[in-house]
Amino acid sequence: MRWCLVLLVCIAACIGGNPQPASAHEGRPLYIELEEKEGGVFFIKWRVPSTIERFNTPVIALPRTCEKVQGPETAQSLMRDAGQGLFTCAALKTSLALEIHYPQGNPSVSTLVRLTRPSGEVQIIKAGPSDHVIVLPNAENARNVASEYLVLGVEHILTGYDHLLFVACLLMLAGTFKRVLWIITGFTLAHSVTLALAALDLVNVAIPPLEAVIALSIVFVAAELVRPARETLTWRFPMLVSSGFGLLHGFGFAAVLGEIGLPQTEVPLALLFFNLGVEFGQLAFIASLVVLLFATKSVLRLVSARAADWGLQDFVKPTGYVVGSLAAMWTIERVVSFV
């Protein structure tokens, strides 16, 4: 048995071992939404990821100088914990800070805060699992917007397992460096267009069916992998296939960006750098695949002399079966979730 097949199965298992495969982007953060009103009044809402156990639901507190006008009214649901409250912080002399406490400790969950100013300006603050106190900035500026949305774009694509598998399959179907450039260019241009259209609310797409179709697109490219290369639709029309499916995946990127929100004063900049972050993350993933391929082949050469003759084609068919099985499972789960 060839060790490359074992390695591929392990890699696919790690990618597909996400505990909630019905969603395209798991590992969602604790989401806190703050709406600042005139006179130092803040309306706060939060959503806790469903991966958090009930007994470890985080407690969100404002500074003691903030007076509770309306106590948090918590609503339980099957998918997540949600709560809200109204506070007045007129006596606060410093920047507003949120304290987050997990009774049993933070299980590596980051925090995403969306702050809406009275002027309508929206600010996004990203905090890591080790940040127990989040100090809200006073004002948004172009530099902060660029850096925040660039990081959000990179994190988004690197946690989007279905998008990464789709890109990996496209690369294996390309065959040559020139065709790789055509495929990646088509995919990038297409998803950039739909990302912008959806993020700016020019086009609206229902998310649950979209997620199912995205999973189905992975089934398609996986099926292409097990067929003779020059007989596949992707081989004959590489840019057409990558562009067509890129339009779908762009709507998927926009779904998460829609949850985060765009700053009212720097919309084009935020959209540009989020898209750049997606591209940087995608290129980093492609580079890691190339390094992994060469490293695996080098190791196998040491194990067996016959491995010296193994190339990319030895990986293609097994990858098609493994990825296709995972994508088919995701498709069924996502269809069931909204039917």
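No lab work stands behind these numbers, since they all come straight from the coordinates. This structure is a prediction, so every number in the text was calculated from the model and none was measured.
Table for the structure above
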{"item": "Relative intensity, log₁₀ I(q)/I(0), of region 216-292 from a Debye sum that treats every alpha carbon as a point, q = 0.16, 0.17, 0.18, 0.21 Å⁻¹", "result": "-0.80, -0.87, -0.93, -1.09"}
{"item": "Segment ARG54-LEU233, extension gain: residue separation times 0.36 nm, minus the distance between their alpha carbons", "result": "59.6 nm"}
{"item": "Extension gain (nm, one decimal) between ALA142 and ARG301, 0.36 nm per residue minus Cα-Cα", "result": "52.2 nm"}
{"item": "For region 97-226, diffusion coefficient by Stokes-Einstein and Kirkwood Rh (Cα), 25 °C, 0.890 mPa s, µm²/s", "result": "135 µm²/s"}
